[in-house]
1. Among (1) closer than 20 Å to residue 83 by Cα; (2) modelled with pLDDT under 95, where does residue 151 come up short?
2. All but one of (1) assigned to a loop (DSSP other than H, G, I, E, B); (2) surrounded by fewer than 17 Cβ atoms within 10 Å (Cβ to Cβ) hold for residue 50; which doesn't?
3. So residue 67 passes all but one of these: (1) over 19 Å from residue 141 (Cα atoms); (2) under 14 Å from the mean Cα position of the chain (by Cα). Which condition number does it fail?
4. Is it true that some residue in the range 62-79 is in contact with a Pro (Cβ under 7 Å, 6 or more places away or on another chain) and farther than 17 Å from residue 14 by Cα?
5. Regarding the range 112-127, can at least one residue be identified that is in contact with a Ser or Thr (Cβ under 7 Å, 6 or more places away or on another chain), of a type in the set (A, V, I, L, M), at negative phi and open to solvent by 30 Å² or more (accessible area, probe 1.4 Å)?
6. Could you tell me whether the range 51-58 includes any residue that is of a type in the set (Asp, Glu), in contact with a Cys (Cβ under 7 Å, 6 or more places away or on another chain) and within 18 Å of residue 7 (Cα to Cα)?
7. Any residue at all in the range 116-138 that's of a type in the set (Phe, Trp, Tyr), in a loop (DSSP other than H, G, I, E, B) and at pLDDT below 95?
8. Could you tell me whether the range 76-85 includes any residue that is in a helix (DSSP H, G or I) and in contact with a His (Cβ under 9 Å, 6 or more places away or on another chain)?
Amino acid sequence: MQEKFMKEALKEAKKAYEKEEVPVGCVIVKDGKIIARAHNLKETKYDTTKHAEILAIQKASKKLKSWRLIDCDMYVTLEPCSMCAGAIINSRIRKVYYGTSDEKTGAIGSVFNLLEDYKFNHKVEYQSGIMQEECEGILKEFFKYLRKKEK
C-alpha cells in the first residue's frame with residue numbers, strides 16, 4: 001500500500017521536474033483514497049512557501065472543509081523541512097511516509113526532528129525510506145541536469 005501511494009507522489013515529483021522545480025511530490029490519503037496531490041511550485045510562483053507538502057495540505061483542507069486532517073496520511077518523496085513539518089503537526093496529519101532524507105534541511109531526523117524532539121499538542125508518526133532509491137534518483141538526476149544546463 002505504501003509503495004502505491006509513493007508512486008503517486010513520484011508522479012507529482014516528475015511534474016515538478018518538467019517545470020524545472022526541485023522534484024518533490026506529495027499526496028495525502030484518507031480512508032485509502034488520495035484526497036490531495038501537489039508538487040513544488042516555489043520557482044514558478046516565486047514563493048518560498050509553495051512546497052509540495054504545504055500545497056497538498058491546503059488542497060486536502062479545502063476538500064474536507066477543515067484544517068484538521070485527522071486520519072489522513074501524507075506520502076512525500078523528500079523528508080519535509082521545518083516549515084512543512086510544522087504545517088504537518090498543525091494540520092493534525094496522522095502519519096508521514098517519506099522517500100529519502102534531506103541532509104541539509106530535513107526536519108524529521110536529518111538536521112533535527114520536529115516530530116519527536118519537542119512537546120507539541122499533536123504527535124505525528126512517520127516512516128522513512130519508502131521507495132528511497134526512486135525518490136533519491138529523481139533528485140540526483142534533476143541536479144545533474146541543472147549543472148549541465150548552467151555550463
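The values are calculated or read from the model by the stated rules, or taken from the named source; none is laboratory data. Being a predicted model, the structure only gives us computed values, none of them experimental. We place every Cβ from the backbone using ideal geometry, glycine too, and count neighbours over all the protein chains shown. Side chains included, ligands, DNA and RNA excluded: accessible areas come from the protein's heavy atoms. Shrake-Rupley method; radii C 1.70, N 1.55, O 1.52, S 1.80 Å.
1. (1)
2. Checking residue 50 against (1) assigned to a loop (DSSP other than H, G, I, E, B); (2) surrounded by fewer than 17 Cβ atoms within 10 Å (Cβ to Cβ), the one that fails is (2).
3. (2)
4. no
5. Pass one, the range 112-127, residues in contact with a Ser or Thr (Cβ under 7 Å, 6 or more places away or on another chain): 114.
Cutting the leftovers down to of a type in the set (A, V, I, L, M) gives us 114.
Of the ones still in play, those that are also at negative phi are 114.
This time we only want the ones that are open to solvent by 30 Å² or more (accessible area, probe 1.4 Å), so: none.
No: the range 112-127 contains no residue that is in contact with a Ser or Thr (Cβ under 7 Å, 6 or more places away or on another chain), of a type in the set (A, V, I, L, M), at negative phi and open to solvent by 30 Å² or more (accessible area, probe 1.4 Å).
6. Yes, some residue in the range 51-58 is of a type in the set (Asp, Glu), in contact with a Cys (Cβ under 7 Å, 6 or more places away or on another chain) and within 18 Å of residue 7 (Cα to Cα).
7. Looking through the range 116-138, at least one residue is of a type in the set (Phe, Trp, Tyr), in a loop (DSSP other than H, G, I, E, B) and at pLDDT below 95.
8. Of all residues in the range 76-85, those in a helix (DSSP H, G or I) come to 82-85.
From what's left, in contact with a His (Cβ under 9 Å, 6 or more places away or on another chain): 83-84.
Within the range 76-85, one or more residues are in a helix (DSSP H, G or I) and in contact with a His (Cβ under 9 Å, 6 or more places away or on another chain).
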